[in-house]
Amino acid sequence: MGTAGSVLTRDFKVPTMGYGPGHEELAHADNESVEIGKIHEAVYGTASIVHSLIGVPVCGWTSDEI
């Protein structure tokens, strides 16, 4: 994962969570890879997180609706 999460946590004391489709132990390693299906799931998950943060209901969604 490559984000500014450490800056938010260290400098601004904002709790931060990393989220992504890959295995953390493979991040930035030789031959790093991510399954295509996991990318699809992560996009769906990210959309669900964002919608819930702004108050849009996501219950009952399917990945075809994004």
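So, A4, is that one surrounded by 12 or more Cβ atoms within 10 Å (Cβ to Cβ), at pLDDT below 85 and not β-branched (V, I, T) or not?
No; evaluated as a whole, the condition is false for this residue.
Taking into account only those residues within region 7-18 that are within 21 Å of A42 (Cβ to Cβ) and either surrounded by 11 or more Cβ atoms within 10 Å (Cβ to Cβ) or basic (K, R) (or both), which is modelled with the lowest pLDDT?
Once the filter is applied, the top-ranked residue is G18.
Go through region 18-48 and give me each residue that's on the phi > 0 side of the Ramachandran plot and touching a residue at least 24 places away in the same chain (Cβ under 8 Å).
Within region 18-48, just H28 meets the criteria.
Step by step: first the residues of region 19-46, then only those that are among the acidic types (D, E) and in contact with a Pro (Cβ under 8 Å, 6 or more places away or on another chain), then the one that is modelled with the highest pLDDT. Which residue is that?
E35
If we scan region 24-34, do we find a residue that is among the hydrophobic types (A, V, I, L, M, F, W, C) and under 27 Å from V58 (Cα atoms)?
yes
Do you know which residues across region 1-40 are among the acidic types (D, E) and assigned to a loop (DSSP other than H, G, I, E, B)?
Within region 1-40, D30, E32, E35 meet the criteria.
The values are calculated or read from the model by the stated rules, or taken from the named source; none is laboratory data. Keep in mind it's a predicted model, so treat the numbers as computed, not measured. No Cβ is skipped: glycine too gets one built from the backbone with ideal geometry, and neighbour counts run over all protein chains shown.
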